[in-house]
Amino acid sequence: MSSSTLPLPRLARATAIVASLAIALAGFVAGAVRVLPWLLDPAVPWPTAAPFARGLAAVALEAALLVGWPVGWALACFRYVESGEARVLLTLGERPSGTVLRLAPQGAVFALVLAAVSLVYGSDARAPGRVATELLADARVSCAAATAPASYAVPFTDFTWLCTSGSEPRLVGSAPALGGAVVTATGARIAGDFRAIDLDDARVLFPGTPPMLIRVASLSLHGMAPWARASTLPAALRAVLLALTAWASASLAAWAVLRRAAINRLVALALGAAGPLVALGLLRLLERADAHAGFFALVPIAAAAACTSAAAGLTRLRRGKRAAST
């Protein structure tokens with residue numbers, strides 16, 4: 001059975017999954033380029049880099065579903081238009097909006113999967129310091145198990161674990177908030193926004209002539225420049241907004257294609273991708289601006305507007321060409 005004779009829901013589901021997998025693969029490759037140096041570094045064991053790898057996988061899957069789902073639906077609907085089956089449905093009294101409505105059950109499944117992935121990534125983005133704390137803790141475990149002198153660099157921080165058999169591991173790093181003093185500790189916990197760090201059994205060496213060493217049972221450093229920017233968008237709200245954005249974009253793109261707004265597959269692909277790409281751009285812009293959570297409600301609205309505007313523009317262009325030819 002050819003793809004054009006498959007029921008539209010089955011064809012739309014298969015095309016959306018293939019499109020999402022293709023985009024996810026590209027995202028995984030791009031992410032692997034960033035994390036591969038740490039995975040290949042013998043000083044950084046896999047458990048140490050695992051939390052960061054988890055974050056890269058989550059963001060790749062999030063973007064893949066957000067873009068791949070609408071693109072898949074748009075391409076599937078274009079196949080239906082190209083094969084003439086969309087016209088048959090129209091003659092039987094089913095309007096394009098009714099055809100899109102038949103895709104709602106699988107849309108609910110896609111929305112739940114995207115929301116789950118966004119919830120995982122959003123939790124890490126909301127408090128990137130938690131991931132760094134995991135990196136520190138996992139590296140300490142590897143350091144404590146060392147049978148020979150070794151060091152374990154903690155990815156994306158200025159800290160390194162120094163390991164000696166029979167001795168407690170010590171964390172060594174610099175503290176810009178203390179004028180570049182060298183700090184060592186037996187444990188550390190980083191604040192979610194990266195602006196503070198709590199150290200256990202801390203020793204601070206201040207440079208000078210002579211140098212000065214201070215030892216305290218616990219030390220809290222605040223006002224530090226963050227190594228990463230924490231998202232201002234709560235994870236649960238992010239999950240809901242992105243699921244709504246993808247569903248609206250997919251439905252509008254499918255509806256526009258069924259109304260013959262796309263003249264070829266490339267245009268159908270562009271219609272499917274227009275809303276998600278605008279949403280991603282606006283989402284990044286709001287996150288970098290530390291915008292209030294309420295402003296993120298503009299993301300699905302902007303995505304829907306982008307898709308609708310693209311469809312309207314393509315429809316007018318097609319009608320203009322048809323009028324000129326006659």
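The values are calculated or read from the model by the stated rules, or taken from the named source; none is laboratory data. Here the structure is a predicted model, which means the values were calculated and not measured. Every residue, glycine as well, gets a Cβ built from its backbone with ideal geometry; the counts of neighbours run over all protein chains shown. When the accessible area is computed, the model is the full protein with side chains, heavy atoms only, and any ligands, DNA or RNA have been set aside. Shrake-Rupley method; radii C 1.70, N 1.55, O 1.52, S 1.80 Å.
Go through segment 90-112 and count every residue that is touching a residue at least 60 places away in the same chain (Cβ under 8 Å) and under 24 Å from Ile263 (Cβ atoms). Explain how you work it out, then say what you get.
Filtering segment 90-112 for residues touching a residue at least 60 places away in the same chain (Cβ under 8 Å) gives 96-97, 99-100, 102-103, 105-107, 110-112.
Now drop any that are not under 24 Å from Ile263 (Cβ atoms), which leaves 96-97, 99-100, 103.
Summing the residues that are touching a residue at least 60 places away in the same chain (Cβ under 8 Å) and under 24 Å from Ile263 (Cβ atoms) in segment 90-112 gives 5.
How many residues does segment 79-89 contain that are open to solvent by 100 Å² or more (accessible area, probe 1.4 Å) and free of Cβ contacts under 8 Å to residues at least 24 places away in the same chain?
Here is the first cut: in segment 79-89, the ones open to solvent by 100 Å² or more (accessible area, probe 1.4 Å) are 82, 87.
If we keep only those that are free of Cβ contacts under 8 Å to residues at least 24 places away in the same chain too, we end up with 87.
So the answer is 1.
In segment 189-201, what residues are crowded, with 17+ Cβ neighbours inside 10 Å and modelled with pLDDT of 80 or more?
Asp198, Leu199
Which is modelled with pLDDT of 70 or more and surrounded by fewer than 18 Cβ atoms within 10 Å (Cβ to Cβ), of Pro149, Pro169?
On the way: Pro169 fails: surrounded by fewer than 18 Cβ atoms within 10 Å (Cβ to Cβ).
Step by step, each of Pro149, Pro169 is checked, and only Pro149 is modelled with pLDDT of 70 or more and surrounded by fewer than 18 Cβ atoms within 10 Å (Cβ to Cβ).
Of all residues in segment 53-66, which are in contact with a Gly (Cβ under 8 Å, 6 or more places away or on another chain) and open to solvent by less than 20 Å² (accessible area, probe 1.4 Å)?
Ala60, Ala64
Considering only residues of segment 152-166 that are outside any strand (DSSP E or B) and open to solvent by 50 Å² or more (accessible area, probe 1.4 Å), which is modelled with the lowest pLDDT?
Initial filter on segment 152-166 (outside any strand (DSSP E or B)): 154-158, 164-166.
Then drop every residue that is not open to solvent by 50 Å² or more (accessible area, probe 1.4 Å), which leaves 156, 158, 164-166.
Working: Phe156: 58, Asp158: 71, Thr164: 81, Ser165: 76, Gly166: 74.
Out of the qualifying residues, it is Phe156.
Which one is modelled with the highest pLDDT, of the residues in segment 212-234 that are assigned to a strand (DSSP E or B) and surrounded by 14 or more Cβ atoms within 10 Å (Cβ to Cβ)? If you could, list the steps in order and put the result at the bottom.
First, the residues of segment 212-234 that are assigned to a strand (DSSP E or B): 212-222.
Checking which are surrounded by 14 or more Cβ atoms within 10 Å (Cβ to Cβ) leaves us with 219, 221.
Details: Leu219: 82, Leu221: 73.
The qualifying residue modelled with the highest pLDDT is Leu219.
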